[in-house]
Structure formats: C-alpha cells, structure tokens
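I have placed the structure first, in the form of structure tokens, so that the comments after it can refer back to it.
The values are calculated or read from the model by the stated rules, or taken from the named source; none is laboratory data. All values derive from a computational prediction rather than experimental measurement. Positions of Cβ are generated from backbone atoms using ideal geometry, with glycine treated the same way; all protein chains shown enter the neighbour counts. Ligands, DNA and RNA are excluded from the accessible area calculation, which covers all protein heavy atoms including side chains. Shrake-Rupley method; radii C 1.70, N 1.55, O 1.52, S 1.80 Å.
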Amino acid sequence: MSSIPMIEQTVSKGAARAAARRGPGARGPRAGRGSARRPGFLTYGFLGAVLLASLFPLYWSFLVGSHDSTVLSRGIPLLPGGNFLVNAAKVFDSIPFWKAMGNSLIVSCVTAASVVVFSTLAVFAFAKLRFRGSKGLLVFVIATMAVPTQLGVVPLFIVMSKLGWTGSLWAVIIPGVVTAFGVFWMTQYLRDALPDELIEAVRMDGASMIQAFWYIGFPAARPAAAMLALFTFVATWTNFFWPFIVLDPSNPTLPVALQLLQAAHFVDYSVVLAGAVLATVPLLLLFIAAGRQLVSGIMQGAVKG
Amino acid sequence: MAVTDRVKPRSPRRQSLPPEGTKGVRRLAFSQQVSKWDVKVSPYLYISPFFILFAITGLFPLVYTAWVSLHNWNLIGGQGKFTGLENYAFVVAQPYFWNAVGNTFSIFILSSVPQVVIALVIAAVLDANLRARTFWRMGVLVPFVVAPVAVGLIFNNLFADQFGLINGVLTAAGLDPVRWHSESVASHLAIATMVNFRWTGYNALIFLAAMQAILRDVFEAATIDGAGRLRQFFSVTVPMLRPTVIFVVITSTIGGLQIFDEPRVFDQSGLGGADRQWQTLTMYIWELGWGQRNFGRASAVAWLLFLIIVLIALFNFLIAKRIASQGGRK
C-alpha cells in the first residue's frame, strides 16, 4: 500500500524533470513512456540504424552519381567520386530537366494553393455552420477517399483530350484542384480550433457570414492550411502516374522526366542516379525548412483521424 | 467601446431600438431579412466551389468509367458500340489479369505486414524520453519526400542482378546472388522494400502520435502491476493502438493495391519484367489503355480493382471488429 504513493511520487518527479527538459515549446500530457529514465545506448543505436537506412539510398544515389558508368563493375565504391557535375551535365542534355523542374514547381504551387482555398471555404461551412445535408455531404466526401485514383484515369484522359489539353500543364493541375483529403483534414482541425461562440459573437456585432469567415474562420484555419499546403505540395511534386499518362516527354514534370533517363536502351546508371539526386534536392531543402511542421502535421492528423 | 461590444445582448438591443418612423423599421426588417438569408445561403455558397470542382474532377470520372467499361472504346477512335459486360468477361478470362492480381497482392502483403510491424517498433522507441526528439522524428521521415520514381530508380540499381550492392553483399557473405529482375518472388521483395522504405517512417509517426495520446495512468497502473517495458508494449500499447492500426492498415491497403510507380521503373520496358513477373493491376490498366489503346477493357480492370479494394477494406474492418470484441471479452 505504501509503495503506491512512492511510485507516484517518483513518476511525477520524473515527469516534471522531463517536462523541464522538454522546454516551453513542448506540449501534450507526456513526452516519454512512464518513467523519465533516459533511454540507453541500445535505443540510440537502433534509431541510428533506422536513420542510416533512411539516408543510405540517397547517399548511394549520390555515390554512384558521382562516378563514371563503369564504377560498379569495378567493385563497390565507398567514397564519392569527382564526376557528379559531368553526370549532371549529361542529365541536362538528355532530358528537359529545368523545364521539368519549373513545371513541377508551377503544378505543385497552383495545386497546393487551390486545394487550400477551396477546402478552407468549404470546411468553414462544414465545421461551423448548420445547414441541411451537411453531415451526409461530409461523410460522402470522406468516403470517396477510399476510391482509387486509377478508377477515374481513363475518363479524365478522354475529357482532357476532348478539351485538347493533353500535354499541357492544365491537364495535371485541373484534376488536383480539390481533394477530399483537404476537406477531411481541415474539418478535423477547424472544429476544435474555432469556438462556435466566437462566430456567434461577431455575428451579433453585425458581421456578415463572409466577414465572419474572413476575419475569424480563415485566421483560425491558418496553421492547418499551412500543413495542408505542405502535404499537397509534396504529394503533387512526387506524383507520377497521371502526369506520366497525360504529359508529353517534351513537357514533363520531374518524376516523368526522371523516368525518361532510364527509358533508353543503354542505361548509364551514374547519370540516372545523378538525376535522382538532382530531382530530390528541392524537396530535401523544403524538408529541412519545414520538416518540423510536416512531422507535427502527420502526428496531429493521426490523433484526430 | 470594444469591450462592451463583446457583450452579446447589446447588439440586438441596439438593432431593436430603431430610430422613429416607419422608414427605420422597414430598413431594420430588410437588414434582418438579409441576415437570415445570409445564414441560410452562405453554407451552400461556401461549399459549392468545392463541390462543383469535385463533381467535375472527382465524381464524374468515377461514373463515366463505368460507362466506358460497358462499351467498345478505343484511344484513337473513341466511343464504339455498347457491349454490356463483354469487356469484363474478356479481362477476367485473361491470364495476365490474374497474374497482375496475384502480383499486386503479393507485393502488398510483403510491404504492408513488415511495414506495420517495423513502424510500431520504431514508434515505441521514438516514444522514449529521447534527446533531440525532433531530429529523430524528422530523420525517419526523410524517405517520405523522395519521389517514388526516384526511390524506384535508386533501388533498381541497389537490387541490380549484376554489380548491384545487395547482390555484392550477398556474394561477399558467401551466398548466391539473387536474380531480382527475373524471379517473381524476389522482384516482389525488392519492390516491397521500396514501398517500405518510403512509408515506414511515416506510419511510425502516426503510431507515435497515437501512443502519446494514451493516458499516462494506464502505464503507471501497469508499472504498479509489475509489467516490464516489453509486457507493457504488448499488453497495453498495442491493444490501445488498435484503432490507429486499423486506420494505417486500411490506408496502406488503398495505397498498396494501386501501386504503379516503383514497379514501373524497376526495368526499362515498364511492363513488369520479361514475363510480367511484377506487373501490377495498375500497370495492367496502363498497358490495356495506353499500350493496347483499349479504353473499354482498361476501365473494366479499373472497376474490378475498385471492387477488390472495397472488399479488402470491408474484410479488414470485419476482422478488426472481431479482434476488438474478443479483446473486450478478456
């Protein structure tokens, strides 16, 4: 019996210590499991191995990409060679790399912006306004997330070619302008983030609905909107199947262009992997800048979803 | 001024005390009317841009696929005559279709099962009281920003039959090199590795979030009961994560059964190997539609894929429910 308060005491002491270590930025009821005992060498060793596995394929890509094409037949290289720029030049020669990069940037930015705008507007209504059919419509939208994108690929292609858009960026942008995921994600967030009383209060003060949205709803949704933009950007940038079908090899997005490097009969893997590195660098930079947000976005979405 | 404005009843009172004269009353009635309409119409106004676009880009294609699948339909010639279920009958009679079904399931099982297990373990380790927590969390997420095509190209090289790193390691260890690009199970393993590379860390973070949402008291109680860390993981953490596990399994089912990018670039031809050892259903849709230019048949396969996904999702759900009720009985 007497042991229980003792354990509680040690636990809470440890938790306080852990909270202090976590610093003011941390939130949530607990950081570590039960005890605040610092994990040992094994834990860090395991995580180090996971990190190595996460980074190794990229390092390998750079390794091979910085040697000439015969490197692998001479054995496994351990250190990067000095050939990366030569291989990069070959990449730029054989595929429209910069054009693809520009296209990817345009498509990803436009898609992210439009998903955020249309989702925020719709979600303000779904999360905060009462109207007939709101629940049914929301469930319906979320249910469509289970529908594979492939199901619509043939008709989308038919429509795009009837409009004469195949080969143009519009064909990639238009099917992505709204997503069910966007609505799902923002609804979860806005429901908690924006108290109903606040909207009632500004309405009482004579604000119209659109003013309530603009001055109250939109600012409240901003953190979730930023994360949605980040996710949509990454997803659009890495998307391959639909751009591959609808775009010309002369006007590709990055993944489509990258794939062209390997389509030749003779494959120079040093060039292919140099291309893979070049295509990954922009998103890695984005990740270094916003990786923390991406992590917390995934974790937030998981708890609520 | 600003403070009193926040008091709710004030504004209506101000409205209900109009200046004298009928003109003021009418203006009030009008503004109330506008406000009423505002409340009624605004929600529909705000959701309509989304729904109009969603109907055009998302819903219409789904229905139209069904229509196309019931017709003779050529990439160049367009709509032909109505053929009923002929496309379905044709496709189901194709050995390539069943080959693709088998490959898709094989790759899916090889990727999703280890992925969920490893992600759980990584999450449990990340849940410890770590130094530099954000660094480790970001570290496991790096593969997520590498495009699947890039992942495919890199692993295609790592798994190369000749001069590949993995075969190099195998031969150095005194084992026989594996023919990753010709044996069917070996190629599925290689492709599943690519999928696992990209998604394990992502799923680990989802599990981690769910773990952190478990109340501390539960673990305290388990500690008091004398449960060690391992026992706590299996008897407390995993059962309490069940909804999250179901969520991850269902989303990875939806994604896994659609796999295209990684197997597409696993060789140059893009048909899934010389004997279609790793041709998946989506690759088969692509071959029928854009290789053979038969949109009717491609649509039929697309609908069959959809049915398979729905069936698997239902199956997952039922199993999960059953496990949940059994756990409850204990």
Computed P(r) (all Cα pairs; segment A:201-305; 5 Å bins; percent): 2, 10, 14, 14, 13, 12, 11, 8, 6, 4, 3, 2, 1, 1, 0
Span-like helix ranges in chain A, DSSP H, alpha carbon extent 30 angstrom or more, Kyte mean at least 1.0: A:41-65, A:97-128, A:269-304
Partner chain coverage, peptide B:205-214 - average Cβ within 10 angstrom: 6
Residue-averaged beta-carbon neighbours from other chains (10 angstrom radius) around A:121-132: 5
Globularity index of segment B:60-204, i.e. its alpha-carbon radius of gyration over 2.2 N^0.38 Å: 1.47
Span from the segment A:77-95 Cα centroid across to the segment B:152-174 one, whole angstrom: 21
Minimum 20 Å² accessible area buried by the other protein chains, segment A:279-300 residues, probe 1.4 Å, relative to alone: A:Thr280, A:Leu283, A:Leu284, A:Phe287, A:Arg292, A:Leu294, A:Val295, A:Ile298, A:Met299
Cα-only radius of gyration and Dmax that characterise segment A:30-165, units Å: 25.0, 70
Binned Cα-Cα distance frequencies in the protein assembly as shown - 10 Å width, integer %: 3, 14, 22, 24, 19, 11, 5, 2, 0, 0, 0
Cα-centred dipole magnitude for the protein assembly as shown, charges only on beta-carbon of K, R (+1) and D, E (-1), debye, nearest 20: 2720
Rounded accessible area of B:Leu230 (nearest 10 Å², 1.4 Å probe): 130
Shielding score for B:39-45, defined as the mean number of other chain Cβ atoms within 10 Å: 6
Cα long-axis angle, helix B:184-213 against chain B (0 to 90 degrees, to the nearest 10): 30
Helical contribution to [θ] at 222 nm, DSSP H n ≥ 4, -39,500 (n - 2.57), averaged over chain B, rounded to 500: -22000 deg cm²/dmol
Residue of B:Phe317, B:Phe295, B:Phe155 that the Gaussian network model of chain B assigns the largest fluctuation, springs spanning Cα pairs under 10 Å: B:Phe317
At R0 = 56 Å, FRET efficiency that the Cβ-Cβ distance of A:Ala289 and B:Val92 yields, to 0.05: 0.65
Of A:Ala225, A:Ala235, A:Ala49, the one that fluctuates the most in a GNM where chain A has Cα springs shorter than 10 Å: A:Ala49
Debye-sum result for segment B:64-139 in log10 I(q)/I(0), which assumes one identical scatterer on each alpha carbon, at q = 0.14 Å⁻¹: -0.68
Segment A:120-163 shape via C-alpha gyration tensor axes, a/c threshold 1.5: prolate
Average projection area in nm² (convex hull over Cα atoms of segment B:30-114, one quarter of hull surface): 11.5
Drop in accessible area of at least 50 Å² in the complex versus isolated chain, residues of segment B:226-254, 1.4 Å probe: B:Arg229
Once the Cα gyration tensor of chain B is diagonalised, semi-axes √(5λ) in Å: 49, 36, 20
Positive-end residue, chain A charge dipole about Cα centroid, Cβ charges, pick of A:Gly65, A:Leu138, A:Leu169: A:Leu138
Rounded percent of accessible protein surface that carbon and sulfur make up, the protein assembly as shown, 1.4 Å probe: 67
In the B-A interface, the accessible area buried, summed over both sides, Å² (probe 1.4 Å): 9900
Euclidean distance between Cα centres, segment B:64-112 to segment B:194-247, Å: 40
Rounded to whole Å, sorted largest first: equivalent-ellipsoid semi-axes of segment B:241-282, Cα gyration tensor: 29, 8, 7
Degrees separating the helix B:95-126 axis from the principal Cα axis of chain B, which is the longest one: 70
Per residue accessible area of the protein assembly as shown, 1.4 Å probe, in Å²: 47
Theoretical gain in end-to-end length, A:Asp196 to A:Ala264 [0.36 nm per residue, Cα-Cα removed]: 18.5 nm
Residue with peak Gaussian network fluctuation, chain A [Cα springs, cutoff 10 Å], from A:Ala88, A:Ala229, A:Ala146: A:Ala146
Alpha carbon convex hull of chain A, projected area averaged over orientations, nm²: 24.5
Highest-first arrangement of B:297-305, B:210-218, where packing means the average Cβ count within 10 Å: B:297-305, B:210-218
Relative intensity, log₁₀ I(q)/I(0), of segment B:232-321 from a Debye sum that treats every alpha carbon as a point, q = 0.20, 0.26 Å⁻¹: -0.94, -1.22
